[in-house]
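K.L.:
I'd like to ask you about the structure that follows.
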Amino acid sequence: MKKIVLKLFIIPLLAMLIVACEEESPKSDTDPQDVDQESNKEQQALITNDNRVSMVPTPNELFDIIKEVNVSYDEQVLNNPDNIDNYTDKKSQSLNFGIYTADLAFAASFGNPTESAKYFTVIKDMGDRLNINNALDQTVFDQIDKSIQGNNNNELFKLSNDTYYDAYTYLKENERGPSLALIVLGGWVESLYIMTQLGKYEEGSVLVSRIIDQKYTLENLYDFMQEYESDIDVMEMMATLQPIDEVFLNLEELLGDEFSNTNEKDVNLMDGGSDFSMTEDQYNHLKNAVNELRTKIVESDF
Amino acid sequence: MIKLIKPFLLFFIPLAPLFIHAQDCHHVVKYCEHSNREGYVFNMQSSSGAFIQGDTAEVSIIVYKGMEYKISFCSPSNPELNGNFQFKIVELITKGKWVETTTYTNEIEYDEYGYEIGEQKVPHTIKKRVYEKQPVVRFDNSEHENAQDFVFQSNKTRKLVVKVYIPEVPSEEYDMSGETYSCVGLLIEHQKGVKTGFGR
């Protein structure tokens, strides 16, 4: 008995010592400056662009926000899961993985569990084709089955978030930035497409205001993709965003109050700053531009 | 069997952050202390990275109107950093313009009969958006008793930049390991709406 316990302690301890020694060994013979350079190289693999990164909110976060709008679920708006076999190259697979993650977020927010299940299945399948299923833990899929059986939409929404995070981190970790950039772009385009299909233009409405907010996310999307623009697919896709960006760029800026911060019950309130307004004509231009790009992605027509 | 596993777990659980340190920093934010009990959910704009002590990092995020956000930092691998992060939340006033850039690809050139005659450089001109930014500081923890988190709501959707300085804190373990970077997590959490009542 004691021997087994001893082995349990000693073997991992020895392993740790070996690892520690391996890490220490170059230090003893090397100039400290070289060590710094080595660690810099290591660091550059993790952080890029001089420690500056831009993050893009996920489709889940966006749909969580628009729950305040009276939205009815419409399956026809989403990309048909049967289209998956049309995506045979990495570019269309990555883009449409993004499209399907947004569809899943929408289904999990507004649809029923059966609808969500279809999109979980297509994401798992697409994950296989993109070799990212190592990231998508089987236990998550077991939980998904349980939540579908239990008709638990809140849990499905959380799991769809987890699936996105796992895929995102896995691609980042495995230095597959270009794929990640295309996935994020696909998810963003589909989210905006769904939003523009949800209702008609109404000046000052919550929906239009949420669409205008995407002006900021587009800026971050550009910054995020810029990190991988040496990849021809990423560069090409960045260019396809131009008609959408032009609409956002031409929104009228309404100067607001001076910036102010107040503190109320331990919560800081940020106030002030500009707003933007969108005319019906701009809304229709945006809707067409998004529709055009989304159709290209879904039909894999580049 | 449980008796066998128990000492093993007791030995390894406290060492978990060291293993994170030894591997990589990609998941480090998952090990930060989350505020689920206060109703917050993990926001996917959270990020993890490896930093040299003394470094400054910037993360640009989007915060939506109608949400309450909580921003905090942690370093499970270098606990001596916890409580010592210096950070600012900056809002950028953005103005954009288009800039044209040209890149070249090599493509095979054919004559009028369809025979290869060599390679030619084909220019691809792409219009790119370039943004000019002016910063406005929204929060500076050095002006708030070195607070290690920031809870806020915004009256409109905004683009913010979280600037964090990774402090240089001497540590015996740090000096002995010879490792020059620390894993740091920027944890962003959110929940809906305004919280009112006796709890606040």
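Throughout, read-outs are computed from the coordinates displayed, never taken from laboratory work. In this text, all values refer to a predicted model and were calculated from it rather than measured experimentally. Cβ: placed from backbone, ideal geometry, glycine included. Neighbour counts: every protein chain shown.
K.L.:
How high is the relative contact order of the stretch A:202-286, in percent, counting Cα pairs under 8 Å that sit 6 or more residues apart?
P.N.:
Numbers: 70 pairs, mean separation 25.7, N = 85.
Value for the stretch A:202-286: 30 percent.
K.L.:
Taking the number of other C-beta atoms within 10 Å as the exposure measure, put A:Glu61, A:Glu299, A:Glu190 in order starting with the fewest. Walk me through the intermediate numbers first.
P.N.:
On the way: A:Glu61 22, A:Glu299 12, A:Glu190 28.
With the sparsest Cβ surroundings first, the list reads A:Glu299, A:Glu61, A:Glu190.
K.L.:
Here is a follow-up. Taking all pairs of different Cα atoms in the stretch A:57-298, averaging 1/r and flipping that mean, what Kirkwood radius in angstroms comes out?
P.N.:
Working: mean 1/r = 0.0533 Å⁻¹.
About 18.8 Å, per the Kirkwood formula over Cα pairs.
K.L.:
Among residues other than A:Val140 whose Cβ falls under 12 Å from its Cβ, what is the net charge (Lys/Arg +1, Asp/Glu -1)?
P.N.:
On the way: positive: A:Lys124, A:Lys146, A:Lys158; negative: A:Asp137, A:Asp142, A:Asp145, A:Glu155, A:Asp162, A:Asp166.
Result for the local shell: -3.
K.L.:
Let me ask you something else. What does the net charge come to around B:Lys156 if you take all other residues with beta carbon closer than 9 Å to its beta carbon, with K and R at +1 and D and E at -1? Numbers along the way, then the final one.
P.N.:
Numbers: positive: B:Lys65, B:Arg158; negative: A:Asp213, A:Asp271, A:Asp275.
Once all neighbours under 9 Å are counted, the net charge is -1.
K.L.:
Using Cβ counts within 10 Å as a stand-in for footprinting exposure, how do A:Ser94, B:Ser48, A:Ser205, B:Ser154 rank, fewest first? It would help to have the intermediate numbers written out before the result.
P.N.:
Working: A:Ser94 29, B:Ser48 25, A:Ser205 13, B:Ser154 22.
Result, fewest neighbours first: A:Ser205, B:Ser154, B:Ser48, A:Ser94.
K.L.:
State, to one decimal in nm, how far the label point of A:Asp281 lies from the label point of A:Thr114, with both points 7 Å from Cα in the Cβ direction.
P.N.:
4.6
K.L.:
Among B:His34, B:His124, B:His190, which comes first, then next, by fewest other beta-carbon atoms within 10 Å?
P.N.:
Details: B:His34 18, B:His124 13, B:His190 23.
Result, fewest neighbours first: B:His124, B:His34, B:His190.
K.L.:
Hey, can you grab everything whose amide H is under 5 Å from the amide H of A:Gly256? Only 5+ residues off in sequence or another chain; H modelled, so Pro and N-termini drop out.
P.N.:
Distant-sequence amide H within range of A:Gly256: A:Gly273, A:Ser274, A:Asp275.
K.L.:
Which pairs break 31 Å Cα to Cα here: A:Lys158/A:Lys215; A:Lys296/B:Lys121; A:Lys287/B:Lys88? Walk me through the intermediate numbers first.
P.N.:
Values: A:Lys158/A:Lys215 26 Å; A:Lys296/B:Lys121 28 Å; A:Lys287/B:Lys88 37 Å.
The pairs that break the limit, which is 31 Å between Cα atoms, are A:Lys287/B:Lys88.
K.L.:
Something else: In debye, nearest 20: dipole of the stretch A:83-222 around its Cα centre with unit charges on the Cβ of K, R (+) and D, E (-)?
P.N.:
For this selection, approximately 180 debye.
K.L.:
If you scale each eigenvalue of the Cα gyration tensor by 5 and take the root, what three semi-axes come out for the stretch A:49-158, rounded to whole angstrom and sorted largest first? All intermediate terms of the calculation are to be shown ahead of the outcome.
P.N.:
Numbers: eigenvalues 96, 72, 50 Å².
For the stretch A:49-158, the ellipsoid semi-axes come out as 22, 19, 16 Å.
K.L.:
GluC sites (Glu not before Pro) within the stretch B:103-160: which are DSSP loop residues with at most 15 other Cβ atoms inside 10 Å? Don't skip to the answer; put the middle values down first.
P.N.:
Working: sites: B:Glu107, B:Glu109, B:Glu112, B:Glu116, B:Glu119, B:Glu132, B:Glu143, B:Glu145; in loops: B:Glu112, B:Glu145.
Within the stretch B:103-160, the qualifying GluC sites (Glu not before Pro) (loop, at most 15 other Cβ atoms within 10 Å) are B:Glu112, B:Glu145.
K.L.:
Between the stretch A:84-135 and the stretch A:147-210, what's the alpha-carbon centroid distance in Å?
P.N.:
11
K.L.:
Give me the dipole magnitude in Debye, nearest 20, for the stretch A:57-298 about the Cα centre, with unit charges on the beta carbon: positive for Lys and Arg, negative for Asp and Glu.
P.N.:
Numbers: 17 positive and 44 negative charges, 160 e Å.
So the dipole magnitude of the stretch A:57-298 works out to roughly 780 debye.
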